[in-house]
Structures are given as structure tokens and as C-alpha cells.
Amino acid sequence: MASQTFDVIVIGAGPGGYVAAIRASQLGLKVAIVEREHMGGICLNWGCIPTKAMLRSSEVFHLMQRARDFGLKADNIGYDLDAVVKRSRNVAKQLNSGVGHLMKKNKVTVVMGTASIPAPGKVSVITAAGTEVLSASNIILATGARARELPGLEADGKRVWTYKAALTPPHMPKKLLVIGSGAIGIEFASFYNTLGADTTVVEVMDRILPVEDAEISAFARKSFEKQGMTIIQKGMVKKLDRAADMVTAHIEVDGKTTAHEFDTVISAVGIVGNVEGLGLEALGVRIDRTHVVTDEFCRTGVAGLYAIGDVAGAPWLAHKASHEGVMVAELIAGHKPHPIKPESIAGCTYCHPQVASVGLTEAKARERGHAVKVGRFPFIGNGKAIALGEPEGMIKTVFDARTGELLGAHMIGAEVTELIQGYVIGQKLETTEADLMETVFPHPTLSEMMHEAVLDAYGRVIHL
């Protein structure tokens with residue numbers, strides 16, 4: 001390497017790290033990025049992107065089975081799981097090489113290897129060729145997170161899987177248990193259930209998708225059960241007995257434990273931050289439950305050391321990591337970026353039906369002392385939804401009754417992951433209910449329901 005000294009060194013090339021590197025380079029800084037495994041990180045290679053490719057296959061398969069509803073004919077409908085997986089891996093590969101190209105284009109020095117920080121401003125990298133020491137006055141930690149493994153429920157890749165095995169399955173599950181009903185658990189449950197697996201989801205909390213608004217969770221549960229899933233809430237998997245072709249799960253509900261047999265188990269019980277082996281404790285970095293403690297600008301309290309994305313805590317979302325990466329790069333370059341408000345970050349779950357939300361749930365808004373006005377609009381009242389053959393879903397809005405501020409928006413139904421951004425922009429621009437009511441939404445679109453859900457909060461709904 002021509003020079004070992006940089007303005008910024010980024011550790012981790014996921015959606016937080018590589019975006020931070022690009023933005024820092026755009027601002028005229030000399031940047032290196034260290035990655036031990038894949039450019040693009042988990043998101044591109046084993047998370048957001050390949051799961052969406054697989055879910056798209058299951059969505060098309062589901063539509064093919066409904067061909068008659070659309071006046072179409074399709075016989076001998078089936079799927080080839082290996083081909084589904086292959087398409088998903090190819091999508092990931094295409095984007096992975098795209099990140100490599102972006103690094104080259106932005107003149108970011110890429111070092112493949114395992115990094116540690118032996119002293120402030122120093123990064124030691126164990127590469128295939130030996131150890132290299134890089135220097136920079138600014139270091140951005142973007143090391144991400146990995147699947148949490150509970151004692152006794154550890155994955156073995158054969159019968160008990162985490163997301164990696166679920167994305168490259170050694171077999172098609174016939175009877176599947178999914179432990180955890182956050183976005184990852186529900187997306188895999190939705191995928192395999194659509195392909196015909198007899199699917200059971202166990203959630204320790206009192207409802208599935210526990211971070212969502214209670215009404216959305218209840219709607220999702222009904223919808224999944226209608227699709228044949230078994231949903232167990234307030235349940236805990238106490239232990240797994242493993243045999244060659246079978247797993248017996250001991251599930252406790254209301255203090256009573258019963259045994260259930262499955263041929264496959266997917267564990268999706270959260271994530272832990274990748275904080276080990278970096279030398280963080282010796283530097284004086286505070287770590288709380290595997291996550292680096294930072295301020296609103298992602299500063300760790302150690303001069304010149306920042307932490308972004310999953311390693312810095314919730315919400316564990318790629319778009320949050322990317323935005324933090326941009327913010328930190330701008331901070332280092334001497335700009336004055338705004339800190340990110342966690343409630344301004346939308347969450348999206350790509351199950352069938354899709355779920356998307358931003359801001360406060362109704363319960364959270366009331367808890368925080370807001371008097372609220374709540375609006376709802378069902379998909380069945382929307383012309384485009386009926387034309388699409390997707391009449392199942394709803395949109396819910398939560399406003400502050402006094403100021404008209406949009407506190408939160410919650411959706412379930414077709415393509416809501418694309419619709420949510422309208423409300424995100426509205427919140428960012430500090431829009432009120434009056435602004436939203438006066439906005440003309442195009443017809444016929446699903447987005448009209450966003451208008452109607454606002455009108456409903458103020459007793460002015462038209463198509464209901």
C-alpha cells in the first residue's frame with residue numbers, strides 16, 4: 001500500500017460502513033475501509049437483499065396459484081427450491097460486486113482482513129498476506145451484528161437454522177418451527193409457509209411483530225392464521241431435542257410445557273453486536289449488552305472513534321446505518337449535520353401481507369401524554385387494491401389532537417413498504433393534518449388510502 005495514513009478508516013463494509021466511506025471520500029477525505037468477509041455486509045449478502053429476492057419468488061408462486069382469480073390459466077404449478085435460492089444468491093452477488101465498483105470509483109482503499117484497534121488512531125489488520133497497521137485521526141466502527149443464539153437452541157445448520165441456513169436451505173421444511181416473530185422470523189415464516197411448509201411461529205411477547213402497533217399485530221396474526229400458520233403468543237421454547245431427521249421442541253405456554261415435533265427450526269430471537277476482538281474495552285469504549293454506547297452523533301466518547309449501524313444499537317435497520325454513516329462523514333469533514341431521530345426511521349417487514357410503520361404507535365403516543373386523533377382506512381375501500389386483487393389490509397394514522405402533528409403511521413397490506421415513505425417525508429417536513437388533507441393524491445392508486453386515513457382521523461373520510 002502506497003500510504004498507511006488516512007483521514008478516515010471505516011471498519012466494516014456493510015450498508016453503514018461502505019456508505020460512510022463513499023460520503024467521506026466525496027467530501028475530499030482520504031479513506032480506507034476494512035472488511036473481513038463480504039463487501040456489502042450481512043444486508044447485501046445474507047440479509048435484506050437475498051431475503052427479498054426469495055420472498056419475491058414466493059409472492060409470484062402465490063399469485064400463480066390464484067391465476068383463476070385473474071381470469072388466467074396456469075397448470076402444474078410448482079417450484080424448484082434450488083433455483084429459487086440460486087436466483088437469490090445471484091442477486092446478492094450482483095450487488096456485492098457493485099459495492100466493490102463503488103469503492104474503486106470513489107477512490108476508497110479496500111483492505112480485506114480482520115481489524116482491531118490497538119491504540120487510538122491505529123487500526124491493525126490481519127490480512128491473507130500478514131498484518132498491516134493503518135493510521136487515521138478518525139475511525140468509524142461499522143462492524144454490524146450477528147444472530148443471537150440462546151443456550152440449548154443453538155443452530156447446527158442441519159435441522160436448526162439461523163438466517164444463513166434459511167437462505168441456503170439443505171432441505172425444504174415440511175413441518176417448520178420459527179422462534180421469534182420480529183421482521184426476520186416473520187419473513188422466513190411467510191416464505192416457507194407460502195411454499196407449503198406447515199409453519200408454527202412462537203413469540204415470547206404477548207403479540208407477534210411486537211414493535212408494531214397493536215392493531216397491525218392483530219391484523220397480521222389473523223391473516224397469517226388464515227394462510228395456515230399456527231401462531232403461539234406468550235410462548236417460550238425451553239429446549240430442543242435433536243434427532244437425525246426430527247427436532248422435538250418443548251414449548252411453554254401459561255406455565256404448561258408440551259412437546260411438539262418439527263423437521264426444521266429457524267431461530268430468529270434477535271441479534272448481538274460484533275464488539276469482540278476489536279480492543280474496545282482497553283480504549284475505554286462503553287459497551288451495553290453487546291452494543292457500543294454512543295451519543296446522538298454516533299460519538300463513542302473516545303476522541304476520533306465513532307460507531308454506526310447495528311453495533312451501535314436499535315433500530316437494527318440498514319437505512320438507519322447508511323444515514324448514520326453519512327452523518328458521521330459530514331461531522332468529520334466539519335459540516336453540521338442533524339442528528340437522527342429514531343422515531344423518524346421507518347420499519348418494513350416483507351411478509352405477505354407486508355407491514356410498514358414510522359413514528360409512534362397509538363399506545364406509545366398516549367403513554368407520552370399526547371391526546372390523539374386516530375384514523376383508519378381499509379384496503380377493501382380502495383379501487384386500486386380491489387383491481388390488484390389485494391383487498392386485505394389497512395392504514396392507520398395517529399395525530400396529536402392539539403397541534404395536528406403526525407405522530408405515527410402504521411400499515412399492513414400490498415406494497416405498504418413502498419407507501420410508508422410518503423408519511424416519512426411528511427413527518428420530516430413537519431406536516432400537519434391540514435397539509436395532508438389538502439394534498440391531491442393520484443387516482444387510482446393505493447396511496448389514496450393514505451389520504452383517507454388522515455381524513456378519517458378528523459371525521460372527514462369519503463369512501464367509508
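Read the figures in this text as sums done on the coordinates, not as results from a lab. Because the structure is predicted, anything quoted here is derived from the model rather than measured. FYI the Cβ positions are ideal-geometry reconstructions off the backbone, even for glycines, and counts take in every protein chain you see.
Listed values for the range 252-260 are Karplus-derived 3J(HN,Hα) couplings in whole Hz (6.51 cos²θ - 1.76 cosθ + 1.60, θ = phi - 60°), namely 9, 9, 6, x, 10, 9, 10, 9, 9, and x replaces Gly and Pro.
Working ranking of peptides 218-231, 27-40 by packing, defined as the average number of other Cβ atoms within 10 Å per residue, highest first, is 27-40, 218-231. For the range 273-354, the share of alpha carbon pairs falling in successive 10 Å distance bins from zero is 17, 46, 27, 8, 2 percent.
Would you kindly give the portion of the calculated P(r) for the range 4-55 that falls above 19 Å, as a percent of all Cα pairs? I get 34 percent for the Cα pairs in the range 4-55 exceeding 19 Å.
Gain in length, Asp82 to Glu225, computed as 0.36 nm per residue apart minus the alpha-carbon separation, to one decimal in nm? Walk me through the intermediate numbers first.
Numbers: separation 143, 0.36 × 143 = 51.48 nm, distance 2.74 nm.
The span from Asp82 to Glu225 would gain 48.7 nm if fully extended.
Using the Cα centre of the range 395-463 as the reference point, and only Cβ charges (+1 on K/R, -1 on D/E), how large is the resulting charge dipole? Debye, rounded to the nearest 20. Working shown, then result.
On the way: 4 positive and 11 negative charges, 24 e Å.
Magnitude of the dipole: close to 120 debye.
Seen from Lys52, the other residues with C-beta closer than 14 Å to its C-beta sum to a net charge of -1, counting Lys and Arg as +1 and Asp and Glu as -1. Which of rounded, prolate, oblate describes the range 141-270, given a ≥ b ≥ c as roots of the alpha-carbon gyration tensor eigenvalues and a/c under 1.5 marking rounded, otherwise prolate only if a/b is larger than b/c? It comes out rounded by the Cα gyration axes. Based on alpha carbons, the Rg and Dmax found for the range 27-136 are 21.2, 68 Å. Looking at the chain alone, DSSP beta bridges between its own residues are antiparallel in about 60 percent of cases. The label-point distance for Ser97 and Lys30, in a model that sets each label 7 Å from Cα toward Cβ, rounds to 3.2 nm. Reducing the range 335-360 and the range 109-125 to their Cα centroids gives an inter-centroid distance of 32 Å. Legend: calculated FRET efficiency, Thr403 to Thr445, from the Cβ-Cβ distance at R0 = 25 Å, rounded to 0.05, equals 0.30.
What is the Cα radius of gyration of the range 309-395 over 2.2 N^0.38 Å, N being its residue count? All intermediate terms of the calculation are to be shown ahead of the outcome.
Working: Rg = 17.8 Å, N = 87, 2.2 N^0.38 = 12.0 Å.
In units of the 2.2 N^0.38 Å rule of thumb, it is 1.48.
Spin-label model, Asn106/Thr5: points 7 Å from Cα along the beta carbon direction are separated by 2.4 nm.
Karplus-derived 3J(HN,Hα) values for the range 378-389, using 6.51 cos²θ - 1.76 cosθ + 1.60 with θ = phi - 60°, are x, 4, 5, x, 10, x, 5, 4, 5, 4, 6, x Hz; glycine and proline are entered as x.
About the Cα centre of the chain, how large is the charge dipole given +1 on each Lys and Arg Cβ and -1 on each Asp and Glu Cβ? Please answer in debye to the nearest 20. Intermediate values should be presented prior to the final figure.
Values: 48 positive and 50 negative charges, 163 e Å.
With only Lys, Arg, Asp and Glu charged at Cβ, the dipole is about 780 debye.
In this simple spin-label approximation, Lys428 and Ser137 carry label points 7 Å from Cα along the Cα→Cβ vector, and these lie 3.1 nm apart. For the peptides 354-367, 91-104, the ranking by packing is 354-367, 91-104, with the highest mean count of neighbouring Cβ atoms within 10 Å listed first. Summary of packing: across the peptides 75-81, 177-183, 12-18, the per-residue average of other C-beta atoms within 10 Å ranks them, highest first, as 12-18, 177-183, 75-81.
Length gained on full extension, Val60 to Leu388, computed as 0.36 nm times the residue gap minus the Cα-Cα distance: 116.7 nm.
Orientation-averaged projection of the chain equals 24.8 nm² [convex hull of Cα atoms, one quarter of hull surface area].
On full extension, the segment bounded by Arg368 and Val204 gains 56.5 nm, given 0.36 nm per residue less the C-alpha separation. Of Val398, Gly369, Val424, which is farthest towards the positive pole of the range 285-426's charge dipole, taken about the Cα centre with +1 and -1 on the beta-carbons of Lys, Arg and Asp, Glu respectively? Going by the Cα projections, it comes out as Gly369. Here the scattering of the range 375-464 is modelled by Debye summation over its C-alpha atoms, one equal scatterer each and no solvent; at q = 0.17, 0.19, 0.22, 0.25 Å⁻¹ the log10 of I(q)/I(0) is -0.63, -0.79, -1.06, -1.36. Would you list the membrane-span-like helices of the chain, meaning whole DSSP H runs whose alpha-carbon atoms span at least 30 Å along their axis and whose mean Kyte-Doolittle value is at least -1.0? Span-like helices here: 81-105.
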